[in-house]
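What follows is a short report on a single structure.
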Amino acid sequence: MLKTHSCGELNKEHVGREVTLAGWVDRRRDHGGLTFIDLRDSNGVAQVVFNPAISKSCHQIASEMRNEYVVSVSGEVTLRPPGTENLKLPSGEIEVIAQQTTILNPSKTPPFYINEEVEVDENLRLKYRYLDLRRKRMLNNLILRDKVVTFFRNFLHERGFIEVETPILIKSTPEGARDYLVPSRLYPGNFYALPQSPQILKQLLMVAGIEKYFQIAKCFRDEDSRADRQPEHTQLDIEMSFVDENDILSLAEELFSQLIEKVTPGKRILKPFPRINYREAMEKYGSDKPDLRFGMEMRDFTDIAARTDFSVFKKIVADGGRVKGICAPGCSGYTRTQLEELNQFVKGYGAGGLLTFALGSDSGNSKDLTLDMVKSVASKYMTLEQIEEMARRVEANLGDLLLVVAGKPKIVDKALGELRREMGSRLKMADPDLLAFVFITNFPLFAWDEDTKRWEPEHHPFTSPAPEDINKLESDPGKVRARMYDIVCNGMELASGSIRIHTPELQRRIFRLLGYTDEDIMLKFGTMIEAFEYGAPPHGGIAPGVDRIVMILAGEQTIREVMAFPKNQGAIDMMLEAPSPAREEQLKELHLSLREES
RNA sequence: GGCCCCGUGGUGUAGCGGUCUAACAUGCCACCCUGUCACGGUGGAGAUCAGGGGUUCAAAUCCCCUCGGGGUCGCCA
C-alpha cells in the first residue's frame, strides 16, 4: 500500500505516530509562510501542515498543489495547537506535519465543485460521473446502497436462502415490456433478450428443488424512463417453495423492518404493516400505491350528486360515471388562480375539470355552515343538506376546501388520487421521518385492455388465481382475484410478488384466456409448462426494487442518485456515450443491415 | 407522440424592452500573508445571454421554430 492509514480514521490515538497518507486535495489554504491541505480519501478528511521550518521542499511542493491533485504525505501525527481544533471534523483534534510529500498525479480544474454541495446540471454530472461520485453525498449514497444489499444478503442467508445467478442472455417472451435484444452471431436472424426479470428462471429453480432462492438481479426493460425508472434496474429477487401469501408477506415485513432498524434507525415505520386490499386502495386513495403518511381519503358522492339539480353531475351519473371528493384542510381561502391551477392539474389526468366548494372563511364546526358561506359554482344547484352531507363524508370543517371530480370511474380515481398526493405535498402533510409501508393485496388477476381488446395480466401470466375464483376464469375473468401482493412505501411501489401457478393445466388455461393458441403456448412457454409436468412444488415470491428502496432511505428524488452510472431520461449514458453506432464489420458478423427509416 | 418547467462566464445565480460595453458569489491565474479550516487581502483573465428566425428606433428580456435537459401522461406483464 502507498499509505499506512486512511485520512478519516486518524484521531488522538495516533498522536506521535509516523504515518503516510494518500488521497485527493480537498482544499488548500496557503498562508504564504504556512500551508494547510485538507487531504481527502474514501474514509474522510485530515489536515496536513506544510511548514518550511520542518521541510522547505514540502512547503514548495505544497504551493504547487491544487484541488483534486492526488498526493501522498508522510509525517508525524500531532495534536493541534490549543484553540485551533476543528470540531466539525472527526480528525479535527490532530494534524499531520508533512516531512515528505509527492504529487502522484495533478488534476485539471474540475468542471464543477467536488467539495461543496451545490446543485449542478445533471447531464454535466453524468458526463463526469467519476468526479460526481467523489462528492460526499454521492459517496454516502453508494455506501448506503452497499449496506442495504449487504443486509439483504445476510438476512436471507441466515434464513437458509441461497443466492443463485441466472443468465443475462435469455429468450424473448411476448408478455410485458419491450425487450432489449442481442443479435446472435452463430444463428443468423436469431436474438437473445436481456431479462425483464429472472421470473421464469427462478420458478424453474423452484422446480429444481432449491426451495429458497434469492438474487441481486439486474433487470432490463426498454421503456421510457422516469424519476424512479431506468432501462436497467436492480431487484432483490426472492422465491420460495411450499409457501402461501402470509409466508412471503411476513418474510418481507421482517426484512424491511429490520433493514430500517439497522440502516436508518431514525425513521419510523407502521408496524405491523397495514394490509389494504386493492379495491379499498382504489376507493380511498384512487391508487394501488397510496401514500399512507397522511389521510385525506377520497369519498364517494355519486348518490348525492344524483339528487342535485346540477346538470353536469346528473349527466355524468346517468352515463355511469362517479363523483368523488377529498377535503383540503384550511384551503377555503384559495384564490381563483390557485383553484385554476388545481383545475388544470386534474385535467392533466383526463378529468373534465375540478369542482370546488370553499366552506366559509373561518375555521369551526361544519354544523355552523350556511349556504351563503359556501363558495362554489355548483352551490346554487344544491341544497345545504347535500353540501353538508359531502362535508361530513370527508370530515371537512369550516375553512376547508372540498375538491370534487366527476366522470368515468377510472379517470376520477386517477385524477383525484393524484390531486390527493399533490395536496398532501403542498400542505406538507407527510411526516418526513415516517416510512409508511403498506401491503396491497387481492389484486384482480386480469385487466381489460381497450386497445388490444384482450385481457392482460395485472402482474404476469404466472400469477395464481385465488382458488375460490377459479371457476370464474372463463365466465367472468374481470372478477377473478389474484394471489398477488405489492409492497408500497410513501406512495411508491417498492415490491411486487405473487403465489405462482405450478400445474401445467392451470397454466395452459391462463394462457388460453390471454389469447394464445396451444401451439403458441408450447412455442413460447413450452419449457415452463413441461417443467410443471415434473413435480413442480407450490411456490411464490416477491421482488423488491433495490434502487427505489435506497432512494427512499437516502431521501433522494430520483433513482439516478443512488446508481453509480445511470442513464439520463433519454436512456443515454452521458459518460460512455452509449448507445453508439456499430462498426460495419460488427453488423456483418451479426448478419444485420440497417433499415432506412421512412 | 402529448402536456408542463428549464437553458446567462468553469459552477451556481441576478437581470425580464433602453442606464447591459451584462451584475453577484464562487472557481481560475498572479502577487502578498506562519494557525487556517468555505482562511484573508490586492490585482487580473473569463459570456457570440443554447441555436436560428421575427417584432421593435432598440431584445439576454417579447413572439415563433429548432436543439438540449428535467418532470409527467401514454408506456412500464
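The values are calculated or read from the model by the stated rules, or taken from the named source; none is laboratory data. Since we're looking at a predicted model, the values are computed, not measured. Cβ placement follows ideal geometry from the backbone for every residue including glycine, while neighbour counts extend to all protein chains displayed.
Some observations on this one:
- For region A:490-524, a residue qualifies if it is part of a strand (DSSP E or B) and among the hydrophobic types (A, V, I, L, M, F, W, C), and the qualifying residues are A:M492, A:L494, A:A495, A:I499.
- Test result for A:G176, in a loop (DSSP other than H, G, I, E, B) and away from RNA strand B (no atom under 16 Å from the Cβ): no
- Verdict on A:R322 being out of contact with any Phe, Trp or Tyr (no Cβ under 8 Å at 6 or more places or on another chain) and at pLDDT 85 or above: yes
- Checklist (1) within 28 Å of A:A208 (Cα to Cα); (2) in contact (Cβ under 8 Å) with a residue 24 or more places away in the chain; (3) surrounded by fewer than 22 Cβ atoms within 10 Å (Cβ to Cβ); (4) hydrophobic (A, V, I, L, M, F, W, C) applied to A:W448, failing item: (1)
- Residue within region A:575-594 that is touching an Asp or Glu at 6+ places or on another chain (Cβ under 9 Å), without any contact (Cβ under 8 Å) to a residue 24 or more places away in the chain, farther than 30 Å from A:F256 by Cα and not in a helix (DSSP H, G or I) present: yes
- Residues of region A:447-457 satisfying the condition of being near RNA strand B (Cβ under 10 Å from one of its atoms) and farther than 12 Å from A:F511 by Cα: A:A447, A:D449, A:E450, A:D451, A:T452
- Region A:1-45: number of residues that are within 16 Å of RNA strand B (Cβ to nearest atom), on the phi < 0 side of the Ramachandran plot and free of Cβ contacts under 8 Å to residues at least 12 places away in the same chain: 2
- Residue in region A:237-248 that is touching a Ser or Thr at 6+ places or on another chain (Cβ under 9 Å) and without any contact (Cβ under 8 Å) to a residue 60 or more places away in the chain present: no
- 1 or more residues touching a Pro at 6+ places or on another chain (Cβ under 6 Å) and farther than 22 Å from A:P444 by Cα: qualifying strands (runs of 3 or more DSSP E) within region A:210-312: A:212-220, A:232-241
- There is at least one residue in region A:528-537 that is within 15 Å of RNA strand B (Cβ to nearest atom), in the same structural domain as A:A466 (by TED's automatic domain parsing) and either within 30 Å of A:N246 (Cα to Cα) or surrounded by 14 or more Cβ atoms within 10 Å (Cβ to Cβ) (or both).
- Counting only residues that are more than 30 Å from A:T558 (Cα to Cα) and either free of Cβ contacts under 8 Å to residues at least 60 places away in the same chain or more than 14 Å from RNA strand B (Cβ to nearest atom) (or both), region A:193-228 holds 8 of them.
- Scan region A:156-173 for residues that are surrounded by fewer than 18 Cβ atoms within 10 Å (Cβ to Cβ) and in a helix (DSSP H, G or I) and the total you get is 2.
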